[in-house]
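What follows is a single structure, written as structure tokens, with notes after it.
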Amino acid sequence: MDAGLKGLEAVLAVARRGSFRAAALDLGMSTTALSHTIGRLEAGLGVRLFNRTTRSVSLSDAGRDFVERVGPALAEIRGAMEGARSQRETPTGLLRINASVQAGREIAPLVLAFLRRYPDMQVDLVTEGRLVDIVAEGFDLGIRPADLVPRDMIALPLGSPQRYAVVAAPVWLAAHPAPMTPGDLPAEHCIRVRLPNGALFRWPFERDGEQVLVDARGRLTLDEAAIARAAVLDGVGIGFFIEQDVAEDIAAGRLIRLLADWTPPRPGFSLYYPGRRNPSAGFAAFLAMVRERAGRL
């Protein structure tokens, strides 16, 4: 039975990701092993579920019908198995969490504490910029800024409110005047930030109800906060960050904060998940630790 369920999970993963390589990574197996699993299932059914070429993979007509019918059934089986596991006194199994990079850093200490408390549990923490459908992609939980949580999800506050920070290195400020308002920012010296969807990030400011968006037009465009931080430390220009990413640099004087009165607190992170009838013992235990931590803040 376990082998049969793995075969079904494999089909759904390939259908979801549209790639054997990506599906194999999701499932924690080699591409070859995944291909063999799919092949055995197709041989048993006597029909091809996927059309394969050297460059692409897509569902066949039979495969599309198979996935549409098996998907809901497998979700019911998962629910039944989780319901049975929830009767265990000791949580066990795998918990899959999807988070932004910053949210992953926020939750990491709690994940480590959870693993110490429950040695039979495993956690797969995936950090990425794009906002994913956690149900469709097989995650138990998601963590994102509160204002990005889908409305049909149950959400729990996680941590304190966040702030943006506009910073520059002392060497840059020695050669340029410090801006007093967003309008004073030299746009050509502001490092551009590319979002996961490919759009360029506009720097948001707010003070006393006045909102301003600044289009950075610097010569350097980046999509990774660590590289942007290194560039600002090197005196390339002005950077716009989540405060926690540069807090130590500000405290040490390596970076100087600018326009602090124009960067008010913004919603903190929330942990979110779909409503479920029979949560596993591990899922319930993790939520209990989140609530326990929130009570101490």
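The values are calculated or read from the model by the stated rules, or taken from the named source; none is laboratory data. It should be emphasised that the depicted structure is a prediction, and the values quoted were computed from it without experimental measurement. We place every Cβ from the backbone using ideal geometry, glycine too, and count neighbours over all the protein chains shown. Heavy atoms of the whole protein, side chains included, go into the accessibility calculation; ligands, DNA and RNA do not. Shrake-Rupley method; radii C 1.70, N 1.55, O 1.52, S 1.80 Å.
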I'd like to check something: does segment 237-260 contain any residue that is at pLDDT below 90, surrounded by 15 or more Cβ atoms within 10 Å (Cβ to Cβ), among the β-branched types (Val, Ile, Thr) and farther than 27 Å from residue 138 by Cα?
yes
So for segment 185-199 (the condition being over 29 Å from residue 139 (Cβ atoms), among the charged types (D, E, K, R), open to solvent by 50 Å² or more (accessible area, probe 1.4 Å) and in contact (Cβ under 8 Å) with a residue 24 or more places away in the chain), does at least one residue qualify?
yes
Out of everything in segment 200-222 that is within 19 Å of residue 235 (Cβ to Cβ) and charged (D, E, K, R), what residue ends up being most open to solvent (accessible area, probe 1.4 Å)?
219
Would you be able to tell me the number of residues in segment 7-66 that are at positive phi and polar (S, T, N, Q)?
0
Residue, least open to solvent (accessible area, probe 1.4 Å), within segment 24-67, restricted to residues that are of a type in the set (Ser, Thr, Tyr) and more than 30 Å from the chain's Cα centre (by Cα)
60
Across segment 129-163, the tally of residues that are open to solvent by less than 40 Å² (accessible area, probe 1.4 Å) and within 30 Å of residue 250 (Cβ to Cβ) stands at 9
For residues that are over 18 Å from residue 137 (Cβ atoms) and either touching a helix residue (DSSP H, G or I) at 6+ places or on another chain (Cβ under 9 Å) or at pLDDT below 90 (or both), tally how many sit in segment 62-76.
7
Given (1) open to solvent by 60 Å² or more (accessible area, probe 1.4 Å); (2) under 23 Å from residue 96 (Cβ atoms); (3) in contact with an Asp or Glu (Cβ under 6 Å, 6 or more places away or on another chain); (4) not hydroxyl-bearing (Ser, Thr, Tyr), number of the condition residue 13 does not satisfy
(1)
Being at pLDDT 90 or above and of a type in the set (A, V, I, L, M, F, W, C) is the filter; apply it to segment 95-112 and report the residue that is most open to solvent (accessible area, probe 1.4 Å).
112
Tell me, please, whether a residue that is touching a strand residue (DSSP E or B) at 6+ places or on another chain (Cβ under 7 Å), in a strand (DSSP E or B) and either charged (D, E, K, R) or more than 30 Å from residue 279 (Cβ to Cβ) (or both) can be found in segment 174-191.
yes
Identify, by number, the condition in (1) under 19 Å from residue 138 (Cα atoms); (2) of a type in the set (A, V, I, L, M, F, W, C); (3) at pLDDT below 80 that residue 12 doesn't meet.
(3)
